[in-house]
Amino acid sequence: MIALRVATILLFAFSGLAVAADDAKSMPKQVPDFDVQGVSMTECQCTAYACPCRSNGHPDHGSCDAADFTYIKHGHYGKVDMSGFKAAVVGDLIDPDASKVHGTVYFDKHTTTAQQEAFKEMLAFMFGWNPPHIVGTKLVDIDFKVSPDKNTYTLTIPDILEEKGIMKRDKDGKPLNVMPAMDLWGNKITYVDNVVFKYHDPGVGEWDLSGHQANVKEFHTTKEMYANKKLLMQHGDMSGTWTAEQRKMIEQMGMKAD
């Protein structure tokens, strides 16, 4: 039962896109200060370079087979060192019918029990409402690599998941396709080419969605950001268009909402 609750929180948190009504957004019980930095990569069934879920909407095609991966390079949750934490969740992670949302959580086998418990509490602070259904959790080898030029991102769970995304840059070396977005870890994502997105876990799920949507983001996320409602996702209603508060925040970021 404890493992199920941990995984349930992880799935809802990694997707970073389901939003409750304002009266359900009150923060859960107090948690220690946290400050984490890392990289997240998401690949899904949506059209390449055009994920409506990131801009306060639902998938155009209904449900959405997806994989969300998070790597915490360094940081802390209270007294727990979160450095090296890796986990991925795979399944139908976005759906207008919340009862249909489900997935499997894959924890890197080197993640400590203390890190998992700390992460559980941190994510419960972020998303303590409306948990989706978890079909299972597994401890696995997770190999995540970023090329030295930060253009190629690869994720491998042997015999289960294979991902590869390639970032495009302009002539000055700046990343192209940086967008404001609703996300667990921050307010921006960078769309990348989805070169490979293959999933095969017998009895759980299987697909080849290579060529569909993929994005990456480097994040620096703190408890203070959530407490002060600094994230776009905290002001969404899944209406399909940015809310007035979100538009204001995007303008303050120096970006365009359209």
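The values are calculated or read from the model by the stated rules, or taken from the named source; none is laboratory data. Since we're looking at a predicted model, the values are computed, not measured. Every residue, glycine among them, receives a Cβ derived from its backbone with ideal geometry; neighbour counts consider all protein chains shown. Areas reflect the complete protein model, heavy atoms only, side chains present, ligands, DNA and RNA absent. Shrake-Rupley method; radii C 1.70, N 1.55, O 1.52, S 1.80 Å.
Here are a few things to note about the model shown:
- Within region 49-79, the residues that satisfy the criterion of being open to solvent by 40 Å² or more (accessible area, probe 1.4 Å) and either of a type in the set (A, V, I, L, M, F, W, C) or free of Cβ contacts under 8 Å to residues at least 24 places away in the same chain (or both) are ALA50, ASP60, HIS61.
- Subset of region 32-48 [surrounded by fewer than 19 Cβ atoms within 10 Å (Cβ to Cβ) and either basic (Lys, Arg) or part of a loop (DSSP other than H, G, I, E, B) (or both)]: PRO32, ASP33, ALA48
- So ASN177, is it buried (at least 20 other Cβ atoms within 10 Å of the Cβ) and touching a Lys or Arg at 6+ places or on another chain (Cβ under 8 Å): no
- Inter-residue pairs, beta-carbon under 6 Å, first over 20 Å from GLY173 (Cα atoms) and of a type in the set (A, V, I, L, M) and in region 132-154, second in a strand (DSSP E or B) and modelled with pLDDT under 95, 6+ apart: VAL135/HIS102; VAL135/THR104; LEU139/PHE107; VAL140/TYR106
- Close contacts from region 233-250, counting a first residue that is without any contact (Cβ under 8 Å) to a residue 12 or more places away in the chain and a second that is not in a helix (DSSP H, G or I), with Cβ to Cβ under 8 Å and a gap of 6+ residues or different chains, come to ARG247/ALA257.
- Within region 207-249, if we keep just the residues that are of a type in the set (Val, Ile, Thr) and open to solvent by 20 Å² or more (accessible area, probe 1.4 Å), the residue that is nearest to LYS168 (Cα to Cα) turns out to be THR241.
- Scanning region 186-206 for residues that are in a strand (DSSP E or B), under 15 Å from VAL135 (Cβ atoms) and open to solvent by 40 Å² or more (accessible area, probe 1.4 Å) turns up just one, GLU206.
- Selected residue (criterion: modelled with the highest pLDDT) from residues of region 113-135 that are open to solvent by less than 20 Å² (accessible area, probe 1.4 Å) and more than 16 Å from ILE72 (Cβ to Cβ): ILE134
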